[in-house]
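Novice: Below is a structure I'd like to ask you about.
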Amino acid sequence: MTAPTGSAADVHANVAGKVVVITGASSGLGEATAKYLAERGAVVVLGARRVERLHALVDEIVARGGEALAVATDVTRHEQVQRLVDAAVERYGRIDVMLNNAGLMPHSPLERLKIDDWDRTIDVNIKGVLYGIAAALPHMQRRKSGHIINVSSVAGHKVRPAGAVYSATKTAVRVLSEGLRQEVKPYNIRTTVISPGAVQSELPQSITERDIAHGIEQFYEQYAIPAESFARMVAFAIGQPEDVDVNEILFRPTSQEL
Ligand SMILES: NC(=O)c1ccc[n+]([C@@H]2O[C@H](COP(=O)([O-])OP(=O)(O)OC[C@H]3O[C@@H](n4cnc5c(N)ncnc54)[C@H](OP(=O)(O)O)[C@@H]3O)[C@@H](O)[C@H]2O)c1
């Protein structure tokens, strides 16, 4: 048998059978990725707070012949993220991929002192990613196999007015991902950080300041590309042969200048 390559057929084959835990799977990028990977034979374990949405997604995936499990998860609670990973291991025997995707983007200028928004953004976007790493890493270290994918943003590469706190959290995700990458080499664990540009999702709805939300909604209406674009990036990274570690992906709509 020849060794697997990165060809499209092999990417598909390498995705099939993988057990993939996805946080923030109830809408947007996480939901699209769950569907995309399940259609290609991955087992998907879905976490988010809106559990009724997760159950509907599981039903849809199962109706199409896929395998999925929903676990109510608030990523700001370490024990709930651990429960999500433990449920996957209990049901399917292992996890191959941890996709730390849950996130918020409540933009506002710093001078408006939206301290509750700052706290929530830091709790979900940074602590939530750390809790995902904490839940998955020991299991992957024991198996000497696994793949941790964190979701940053173009905003993790650039900062704009009203976006300082969000950009700070997404920069933190990049830093954590690079530190993780270096530390997990002895354990044969792969790490990827994906930084999307504008992608269609419910993300602008997390903005609590009406005037700021309006501008960003218009930007998304003009530029955002379908959420499946993100799902394809995830599949590309997961689907590489085991000796290939795709560490960073930065992608935008072709029309997006920022
Ligand atoms: N869309 C874009 O243009 C874009 C660009 C760059 C980066 N991103 C990143 O992509 C990721 C996914 O966002 P999206 O665009 O798909 O937005 P979305 O449609 O609003 O989805 C966000 C997801 O995060 C979940 N979430 C929020 N708070 C949570 C919590 N405390 N515990 C568990 N889950 C929580 C939500 O589920 P529940 O509310 O049900 O808990 C939802 O499933 C985020 O990290 C975002 O920063 C998006």
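Novice: Quick check on region 234-244. Is at least one of its residues small (Gly, Ala, Ser), in a helix (DSSP H, G or I), within 13 Å of the ligand (Cβ to nearest atom) and within 17 Å of ALA8 (Cα to Cα)? Break it down stepwise before answering.
Specialist: Filtering region 234-244 for residues small (Gly, Ala, Ser) gives 235, 237, 239.
Those left that are additionally in a helix (DSSP H, G or I): 235, 237.
Those still in the list that are within 13 Å of the ligand (Cβ to nearest atom) too: none.
Checked region 234-244: no residue is small (Gly, Ala, Ser), in a helix (DSSP H, G or I), within 13 Å of the ligand (Cβ to nearest atom) and within 17 Å of ALA8 (Cα to Cα).
Novice: Next question. Would you confirm whether or not region 104-120 contains a residue that is under 23 Å from ASN14 (Cβ atoms), more than 10 Å from the ligand (Cβ to nearest atom), buried (at least 22 other Cβ atoms within 10 Å of the Cβ) and touching a residue at least 60 places away in the same chain (Cβ under 8 Å)? Give the steps one after another, and end with the answer.
Specialist: Taking region 104-120 first, the residues under 23 Å from ASN14 (Cβ atoms) are none.
For region 104-120, residues under 23 Å from ASN14 (Cβ atoms), more than 10 Å from the ligand (Cβ to nearest atom), buried (at least 22 other Cβ atoms within 10 Å of the Cβ) and touching a residue at least 60 places away in the same chain (Cβ under 8 Å): absent.
Novice: Taking into account only those residues within region 205-258 that are under 19 Å from the mean Cα position of the chain (by Cα) and of a type in the set (Asp, Glu), which is nearest to THR191 (Cα to Cα)? Outline the logic, then answer.
Specialist: Initially, region 205-258 is screened for residues under 19 Å from the mean Cα position of the chain (by Cα), giving 205-206, 224-240, 245-253.
With of a type in the set (Asp, Glu) added as a condition, the list becomes 228, 245, 248.
Working: GLU228: 21, ASP245: 7, GLU248: 8 Å.
Among those that are under 19 Å from the mean Cα position of the chain (by Cα) and of a type in the set (Asp, Glu), it is ASP245.
Novice: Quick one: ALA56 ticks every box in (1) more than 14 Å from the chain's Cα centre (by Cα); (2) within 15 Å of the ligand (Cβ to nearest atom); (3) surrounded by 21 or more Cβ atoms within 10 Å (Cβ to Cβ) bar one, so which box is it?
Specialist: Unmet for ALA56, out of (1) more than 14 Å from the chain's Cα centre (by Cα); (2) within 15 Å of the ligand (Cβ to nearest atom); (3) surrounded by 21 or more Cβ atoms within 10 Å (Cβ to Cβ): (3).
Novice: Among (1) more than 9 Å from the ligand (Cβ to nearest atom); (2) buried (at least 21 other Cβ atoms within 10 Å of the Cβ); (3) within 17 Å of ILE212 (Cβ to Cβ), which single condition is SER153 missing?
Specialist: Tallying (1) more than 9 Å from the ligand (Cβ to nearest atom); (2) buried (at least 21 other Cβ atoms within 10 Å of the Cβ); (3) within 17 Å of ILE212 (Cβ to Cβ), SER153 fails exactly one: (1).
Novice: Additional query: Can you go through VAL175, VAL165, VAL129 and tell me which one is in a helix (DSSP H, G or I) and touching a strand residue (DSSP E or B) at 6+ places or on another chain (Cβ under 9 Å)?
Specialist: On the way: VAL175 fails: touching a strand residue (DSSP E or B) at 6+ places or on another chain (Cβ under 9 Å); VAL165 fails: touching a strand residue (DSSP E or B) at 6+ places or on another chain (Cβ under 9 Å).
None of the others qualify; the one that does is VAL129.
Novice: Exactly one condition in (1) farther than 22 Å from ASP123 by Cα; (2) modelled with pLDDT of 95 or more; (3) among the aliphatic types (A, V, I, L, M) is not met by VAL75; state its number.
Specialist: All conditions pass for VAL75, except number (1).
Novice: Another question, if that's okay. For region 205-224, check the following and say yes or no: at least one residue is closer than 30 Å to ARG112 by Cα and in contact with a strand residue (DSSP E or B) (Cβ under 7 Å, 6 or more places away or on another chain).
Specialist: There is at least one residue in region 205-224 that is closer than 30 Å to ARG112 by Cα and in contact with a strand residue (DSSP E or B) (Cβ under 7 Å, 6 or more places away or on another chain).
Novice: Same structure, new question: Considering each residue of region 166-196, count those that are open to solvent by less than 30 Å² (accessible area, probe 1.4 Å) and within 14 Å of the ligand (Cβ to nearest atom), and give that number.
Specialist: Final tally of qualifying residues: 12.
To keep it simple, each residue is scored yes or no on (1) within 15 Å of the ligand (Cβ to nearest atom); (2) open to solvent by 60 Å² or more (accessible area, probe 1.4 Å); (3) of a type in the set (Lys, Arg); (4) at negative phi.
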{"site": "SER26", "(1), (2), (3), (4)": "yes, no, no, yes"}
{"site": "THR33", "(1), (2), (3), (4)": "yes, no, no, yes"}
{"site": "GLY41", "(1), (2), (3), (4)": "no, no, no, no"}
{"site": "ARG50", "(1), (2), (3), (4)": "yes, yes, yes, yes"}
{"site": "GLN80", "(1), (2), (3), (4)": "yes, no, no, yes"}
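Novice: Of all residues in region 121-150, which are within 12 Å of the ligand (Cβ to nearest atom), open to solvent by less than 50 Å² (accessible area, probe 1.4 Å) and under 14 Å from the mean Cα position of the chain (by Cα)?
Specialist: Of everything in region 121-150, those that are within 12 Å of the ligand (Cβ to nearest atom), open to solvent by less than 50 Å² (accessible area, probe 1.4 Å) and under 14 Å from the mean Cα position of the chain (by Cα) turn out to be VAL124, ASN125, ILE126, GLY128, VAL129, GLY132, ILE149, ASN150.
Novice: Of everything in region 66-82, what is under 12 Å from THR23 (Cα atoms) and of a type in the set (D, E, K, R)? Give them in sequence order.
Specialist: ASP74
Novice: Condition first: basic (Lys, Arg), away from the ligand (no atom under 16 Å from the Cβ) and open to solvent by less than 50 Å² (accessible area, probe 1.4 Å). Can you find one or more residues in region 206-214 that meet it? First the steps, then the outcome.
Specialist: Initial filter on region 206-214 (basic (Lys, Arg)): 210.
Next, only the ones that are away from the ligand (no atom under 16 Å from the Cβ) stay: 210.
Adding the requirement that they be open to solvent by less than 50 Å² (accessible area, probe 1.4 Å) leaves none.
No, there is no match, as no residue in region 206-214 is basic (Lys, Arg), away from the ligand (no atom under 16 Å from the Cβ) and open to solvent by less than 50 Å² (accessible area, probe 1.4 Å).
Novice: Please work out which one of (1) more than 23 Å from ALA32 (Cβ to Cβ); (2) of a type in the set (A, V, I, L, M); (3) within 13 Å of the ligand (Cβ to nearest atom); (4) open to solvent by 30 Å² or more (accessible area, probe 1.4 Å) is the condition VAL159 fails and give its number.
Specialist: Result: VAL159 fails condition (3) only.
The values are calculated or read from the model by the stated rules, or taken from the named source; none is laboratory data. It should be emphasised that the depicted structure is a prediction, and the values quoted were computed from it without experimental measurement. Cβ sites come from the backbone with ideal geometry, for glycine too, and all protein chains shown count toward neighbours. Accessible surface areas use protein heavy atoms only, side chains included; no ligands, DNA or RNA. Shrake-Rupley method; radii C 1.70, N 1.55, O 1.52, S 1.80 Å.
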